[in-house]
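Below is one structure; the comments refer to it alone.
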Amino acid sequence: MDTLHFARFPFVKGAAEYVRSHGVSLQELLTSEAYAPARLRGKQRIFDALNEGEITKCPTAGEQERLVEVLSYPVARMLVSCVGDGFLVRRYALAEAVTMKDRLQQESPEFIVSVADELGVPASIADGIIRTHFSDFLKFTSRMRSKEWKLVNTEVNEGFVFLTKQRFSRVLQQALQEKIEDELPLAVSEDILRVLRPTITDIKSLVETRKQHYKAQDLGKITIVKFPPCMRRLVGIAQAGENMPHTGRFALTAFLHAIGLSQDDILNLFSSSPDFDPSKTRYQIEHITGEISGTEYTPPECSTMRSYGICFEPDALCNSGKMKHPLSYYRIKSMTRRRTPAGTGAAKKDQNA
Ligand code: SF4
């Protein structure tokens, strides 16, 4: 790999060696005026992740610009670690992973295979097509629920799955996202916290603003007060017009259907999504609610929601040890509210269950 590749894929081992070869110390990176552009770009990576969902392009024509780009990656990781917020870690990991996937589209299959190796997804090329073992394919596609990712809909030969570079890059997106989520937050010293404090304050403020976007509003006659935190967050994501993982769409649609929301109301909720396609969304809703599939799907259990990464901020009831399903949460809350004596401001009659 050359220095341009290090700038475009700063998580590879070669990029760290490239930094070492320039003799940049942590102290210099954090305090020297010479590395102020790298610190600024590191902060920008995080702002991009929160605002855009991907890392924006930066000039990388010259060697100095490439070094700045490579250095901005460890700076960003340090800043995310200093803030130490799970929401930020997930947003940042996703943005870096999406960016890598998009950039891989412009690379050769050989290069993509070398990146895959770094991410722990062994692959090779046979007749110009990328192939990986089915067990690795399953490991990184288990969260993807659309039909195209089912093993039965994929070409398999002697235990190997054959994928276009677009599809394989999507698998690698998942691998990088999980890797970054596993690695962060790193341990940071008081010294680092002190030096980066003004930037940390700016990032914390943006994180809070972004979280506000995810605060769910009531859905017409359905009040979200009884919703479990996971569903409240998913409603908030939909209402804020943010992209939602397929697993989240499935879980939310099945949940809303189970508590009695109409198909039109569910469709309306997803209409702010940036990739909203009315006919496709209606088809998915009709499928999940059993109208065209003959199967009325229920939302996943809590353990599955956790494995999908969409069990957001479980509260005391979630952690009581009894909680196995988001619908159980809703039912328990509904019963609690029904038992609340009249005159306390609570609903006398549950109109929504
Ligand atoms: S524990 Fe279950 S109900 Fe609570 S937030 Fe997680 S998935 Fe939702």
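Of note:
- Basic side chains Lys and Arg get +1 at the Cβ, acidic Asp and Glu get -1 at the Cβ, and with that the dipole of the chain about its Cα centre reaches some 1720 debye.
- For ILE224, ILE55, ILE180, order by how many other beta-carbon atoms lie within 10 Å, fewest first: ILE224, ILE180, ILE55
- Ranked ARG20, ARG41, criterion: other C-beta atoms within 10 Å, fewest first: ARG20, ARG41
- Relative contact order, percent, the range 118-215 [alpha-carbon distance under 8 Å, six or more residues apart]: 26
- The dipole here belongs to the range 103-181: it is taken about the Cα centre, uses +1 on the Cβ of Lys and Arg and -1 on the Cβ of Asp and Glu, and is about 420 debye.
- The ranking of TYR92, TYR330, TYR297 by Cβ neighbour count inside 10 Å, starting from the fewest, reads TYR297, TYR330, TYR92.
- Pairwise Lys count, the range 214-339 - Cα closer than 21 Å, eight or more residues apart or different chains: 8
- Angle in degrees between helix 278-288 and the longest Cα principal axis of the chain, rounded to the nearest 10: 60
- Evaluated over the chain, the Cα radius of gyration and Dmax, each in Å: 22.9, 74
- In the chain, helices alone account for a calculated mean residue ellipticity at 222 nm of -17500 deg cm²/dmol, with every DSSP H run of four or more residues adding -39,500 (n - 2.57).
- The alpha-carbon of LYS43 sits under 23 angstrom from the alpha-carbons of these lysines, leaving out residues fewer than 8 places away in its chain: LYS13, LYS57, LYS101, LYS179, LYS204, LYS211.
- Dipole of the range 166-267, positive direction: furthest Cα of ALA251, GLN263, SER189, with charges on the beta-carbon: GLN263
We did not get these values from a lab; they are worked out from the coordinates using the rules stated. Note that the structure is a prediction, hence the values are computed from the model and not measured. Note that we place each Cβ from the backbone using ideal geometry, even for glycine, and neighbour counts take in every protein chain shown.
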